[in-house]
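The values are calculated or read from the model by the stated rules, or taken from the named source; none is laboratory data. Given the structure is predicted, the values throughout are model-derived calculations rather than measurements. All Cβ positions, even for glycine, are placed from backbone atoms using ideal geometry, and neighbour counts span all protein chains on display. To get the accessible areas, we keep the full protein, side chains included, count just its heavy atoms, and leave off ligands, DNA and RNA. Shrake-Rupley method; radii C 1.70, N 1.55, O 1.52, S 1.80 Å.
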Amino acid sequence: MRIALFEPEIAGNVGAVMRTGACLGAEIHLIEPLGFQWDDKRVRRAAMDYIDHVRVVRHPGFTAFREATGPGRLVLFTTKSSASIYDFTFAPSDILLFGKESAGVPAEISDIADARVRIPMRPEVRSMNLATSASIALAEALRQTGGLP
């Protein structure tokens, strides 16, 4: 199972996703450009010593990311979908894609995703934090596929 973050903007979110990846055994893919300096202390502060227990791969753009990741369905998490993650059937080779905090992913990337799903939430709120969403999504995907540690 892999998590991919499209042009993430907040170092603390990336650090928290890295910590989740370390704890649950998922590779983290960062699709540049990033909205912060990679050597930003906030990444290490959020990931703490877990940063040494997760594989992080940086890609200079979306095309390079797709070329490097090979097979595996691209499952986009978006508030623009009506399909619940709890009704979706995940596969161990899936790539869980999350858009940038301020804007998600552009339409051309959404259009090529193999699936678009959302985490159900109350209608009066807009969206969850990126790191929270990635944690919920990864836990459900691993639970379904028998991949929880």
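Would it be correct to say that L142 is of a type outside the set (S, T, N, Q), assigned to a strand (DSSP E or B) and modelled with pLDDT of 95 or more? Write out each step before concluding.
Details: of a type outside the set (S, T, N, Q): yes; assigned to a strand (DSSP E or B): no; modelled with pLDDT of 95 or more: yes.
No: the conditions fail for L142.
Determine the pairs where a residue that is touching a residue at least 12 places away in the same chain (Cβ under 8 Å), located within the stretch 123-147, has a partner that is aromatic (F, W, Y) and surrounded by fewer than 18 Cβ atoms within 10 Å (Cβ to Cβ) with Cβ atoms under 8 Å apart, the partner being 6 or more residues away or on another chain.
Filtered contacts from the stretch 123-147: E140/Y86.
Could you grab me the full set of residues in the stretch 82-110 that are open to solvent by less than 30 Å² (accessible area, probe 1.4 Å) and assigned to a strand (DSSP E or B)?
Residues satisfying the conditions are S84, I95, L96, L97, F98, G104.
Do you know which residues across the stretch 57-79 are among the polar types (S, T, N, Q), open to solvent by 70 Å² or more (accessible area, probe 1.4 Å) and under 20 Å from P92 (Cα atoms)?
The initial filter retains those residues of the stretch 57-79 that are among the polar types (S, T, N, Q), namely 63, 69, 78-79.
Within this subset, residues satisfying the condition of being open to solvent by 70 Å² or more (accessible area, probe 1.4 Å) are 63.
Once the filter is applied, which keeps residues that are among the polar types (S, T, N, Q), open to solvent by 70 Å² or more (accessible area, probe 1.4 Å) and under 20 Å from P92 (Cα atoms), the stretch 57-79 yields nothing.
Would you check which residues across the stretch 30-56 are open to solvent by 10 Å² or more (accessible area, probe 1.4 Å) and outside any loop (DSSP other than H, G, I, E, B) and list them?
Passing the criteria: K41, R42, R44, R45, A46, M48, D49, Y50, I51, D52, H53, V56.
Go through (1) at pLDDT 95 or above; (2) touching a strand residue (DSSP E or B) at 6+ places or on another chain (Cβ under 8 Å) for P92 and report which single condition fails.
That leaves (2) as the condition not met.
Residues checked against (1) more than 25 Å from A22 (Cα to Cα); (2) under 14 Å from the mean Cα position of the chain (by Cα):
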residue	(1), (2)
R118	no, yes
R126	yes, no
L130	no, yes
A141	no, yes
Q144	no, no
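Restricting the first residue to the stretch 19-36 and requiring it to be over 8 Å from P8 (Cα atoms), which pairs with a second residue that is open to solvent by 50 Å² or more (accessible area, probe 1.4 Å) and aliphatic (A, V, I, L, M) meet a Cβ separation below 9 Å and a spacing of at least six or different chains?
Correct list of pairs: R19/M48; L24/L148; G25/L148; H29/A68; F36/I10.
Given the conditions (1) under 21 Å from I112 (Cα atoms); (2) of a type in the set (D, E); (3) over 15 Å from the mean Cα position of the chain (by Cα), report the number of the one that D49 does not fulfil.
For D49, the exception is condition (1).
Could you count how many residues in the stretch 52-90 are farther than 26 Å from P149 by Cα, under 14 Å from the mean Cα position of the chain (by Cα) and among the hydrophobic types (A, V, I, L, M, F, W, C)?
Within the stretch 52-90, residues that are farther than 26 Å from P149 by Cα, under 14 Å from the mean Cα position of the chain (by Cα) and among the hydrophobic types (A, V, I, L, M, F, W, C) number 2.
Please go through the stretch 1-11 and pick out each residue that is open to solvent by 10 Å² or more (accessible area, probe 1.4 Å) and either free of Cβ contacts under 8 Å to residues at least 40 places away in the same chain or under 15 Å from P92 (Cα atoms) (or both).
M1, R2 - these are the residues of the stretch 1-11 that are open to solvent by 10 Å² or more (accessible area, probe 1.4 Å) and either free of Cβ contacts under 8 Å to residues at least 40 places away in the same chain or under 15 Å from P92 (Cα atoms) (or both).
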